[in-house]
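Enquirer: Sharing a structure here in structure tokens format.
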Amino acid sequence: MAERYYWSGDRLHFPAIEPGTVVELSGVEAHHLTRVMRQQPGDVVTLFDGIEYEYSAEITTMRKDCVSLRILEVRDVDTESQRQVTIAVSLPKGDRQKWLVEKLTELGCHRLIPLQTARGVAQCSGQVLERLRRQVIEATKQCRRSRLMQISPERSITGCVTEITSCDSGDKAGDVAGWIAHPRSDGDFGQCDLTRLTQITLPRRVLILIGPEGGFTGQEVESAMALGVQPLDLGPRILRVETAAMVLTALLTMTG
């Protein structure tokens, strides 16, 4: 039996499949492929599984509301940064969430974790989480990234740091480093800044905590530091949540 997936742009996202497998598009997706993209039987399109592989697929049959494609070739494609960057952020409201997800996907962020904070303005319900994950897929198709950015359920600061800094996948505890974005203050913690961050040797996995517009509370910063997370000063200007996330992701993925 043919498996059904959905189409957007010029790439199709689906679970991994084998050469010779037939996949089917129906409804709006089939309409997009035939009426918008103007594809015909015999044309070859690109599919990707969001994990590692891309596939060439030939359109075999076209009906009014259904298009069948046959997998021709499997390609091992890797467009990922060597450094796995996790951004844990107190989500902004509205369309700014979509912009945040889109840009982090393009820049190669490994994982996004919605962060529970005292001054947070948006809740990450199941519906919100599902919407953000769909937006990851759309952004991945557009930027031709090989893997989907992971989006985890909402976490507290303690839960987030504990999860990311725990030893997994054969990593040692020292193979991950964490920073919390927090402005320099009179009670300076001896924190790192962006210039220093570009000059030190970083591990394979990095966690960055970014607070809401009102910033982290002192207690939240102290809690993160108690778990080994270092404070990070982003400079004299106050950056919006999504701007800070984009700057740090670009800095860390493009130097890794």
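Enquirer: If you place +1 on the Cβ of every Lys and Arg, -1 on the Cβ of every Asp and Glu, and leave all else neutral, what size is the dipole of the chain about its Cα centre, to the nearest 20 Debye?
Expert: Dipole magnitude for the chain comes out near 560 debye.
Enquirer: Show the residues, 5+ positions off or on another chain, whose built amide H is closer than 5 Å to the amide H of residue 156.
Expert: Close amide H contacts, sequence-distant or interchain: 116.
Enquirer: Which loop trypsin sites (Lys or Arg not before Pro) in region 67-106, with loop taken from DSSP, have no more than 14 other Cβ atoms within 10 angstrom of their Cβ?
Expert: When the trypsin sites (Lys or Arg not before Pro) of region 67-106 are filtered for loop state and at most 14 Cβ neighbours within 10 Å, 93 remain.
Enquirer: Looking at the chain, how many pairs of lysines come closer than 27 Å at the Cα, when each pair is eight or more places apart or spans two chains?
Expert: 5
Enquirer: Let me ask something else. Relative contact order (percent) for region 84-178, with alpha-carbon contacts under 8 angstrom and 6 or more residues of separation?
Expert: Relative contact order comes out at 31 percent.
Enquirer: Go ahead and run the numbers for FRET between residue 133 and residue 163, Cβ-Cβ distance against an R0 of 22 Å, rounding to 0.05.
Expert: Rounded to the nearest 0.05, the efficiency is 0.75.
Enquirer: Now for a different question. Roughly how many whole Å is it from the C-alpha centroid of region 192-256 to that of region 52-92?
Expert: Using only Cα atoms, the two centres lie 31 Å from each other.
Enquirer: Tabulate in residue order the Karplus-calculated ³J(HN,Hα) for region 204-220, using 6.51 cos²θ - 1.76 cosθ + 1.60 with θ = phi - 60°, rounded to whole Hz; enter x for Gly and Pro.
Expert: Each residue's phi maps through the Karplus curve to give 5, 10, 10, 10, 10, 9, 10, x, x, 4, x, x, 6, 6, x, 5, 5 Hz.
Enquirer: Next up: Heavy-atom accessible area of residue 44 with all protein chains present, probe 1.4 Å, nearest 10 Å²?
Expert: 80 Å²
Enquirer: In percent, how large is the relative contact order of the chain, given Cα pairs closer than 8 Å and 6 or more residues apart?
Expert: 20 percent
Enquirer: Let me ask something else about it. Which percent, nearest 5, of DSSP beta bridges in the chain are antiparallel?
Expert: Antiparallel bridges make up about 45 percent of those DSSP assigns within the chain.
Enquirer: Can you give me the long-range amide H partners of residue 151? Hydrogens built in the peptide plane at 1.01 Å from N, cutoff under 5 Å, separation of 5 or more residues or another chain.
Expert: Residues meeting the amide H criterion: 112.
Enquirer: With θ set to phi - 60°, apply the Karplus curve 6.51 cos²θ - 1.76 cosθ + 1.60 along region 69-85 and write out the HN-Hα couplings as whole Hz, x wherever there is a Gly or Pro.
Expert: Along region 69-85, the couplings run 10, 10, 6, 9, 8, 10, 10, 7, 10, 10, 10, 8, 5, 6, 9, 8, 9 Hz.
Enquirer: Give me the net charge of residue 109's neighbourhood, meaning all other residues with Cβ under 14 Å from the Cβ of residue 109; Lys, Arg count +1, Asp, Glu -1.
Expert: For residues surrounding residue 109, the net value is +3.
Enquirer: Normalised radius of gyration for the chain, please: alpha carbon Rg relative to 2.2 N^0.38 Å, two decimal places.
Expert: The value comes to 1.16.
Enquirer: Each residue of region 90-99 in order: what ³J(HN,Hα) in whole Hz does its phi give by Karplus 6.51 cos²θ - 1.76 cosθ + 1.60, θ = phi - 60°, with x for Gly and Pro?
Expert: Result, ordered by residue: 6, 4, x, 8, x, 5, 5, 5, 4, 4 Hz.
Enquirer: What would the Debye formula give as log10 I(q)/I(0) at q = 0.18, 0.19, 0.27 Å⁻¹ for the alpha-carbon point model of region 93-155, no solvent?
Expert: -0.60, -0.66, -1.23
Enquirer: So what's the net charge close to residue 72: Lys and Arg +1, Asp and Glu -1, counting the other residues with Cβ under 14 Å from its Cβ?
Expert: It works out to a net charge of -3.
The values are calculated or read from the model by the stated rules, or taken from the named source; none is laboratory data. Remember, predicted model here, so these are calculated numbers, not experimental data. Cβ atoms come from the backbone with ideal geometry, glycine included; neighbour counts cover every protein chain shown. For the accessible areas, the whole protein counts, side chains as well, though only heavy atoms, and no ligand, DNA or RNA atoms are used. Shrake-Rupley method; radii C 1.70, N 1.55, O 1.52, S 1.80 Å.
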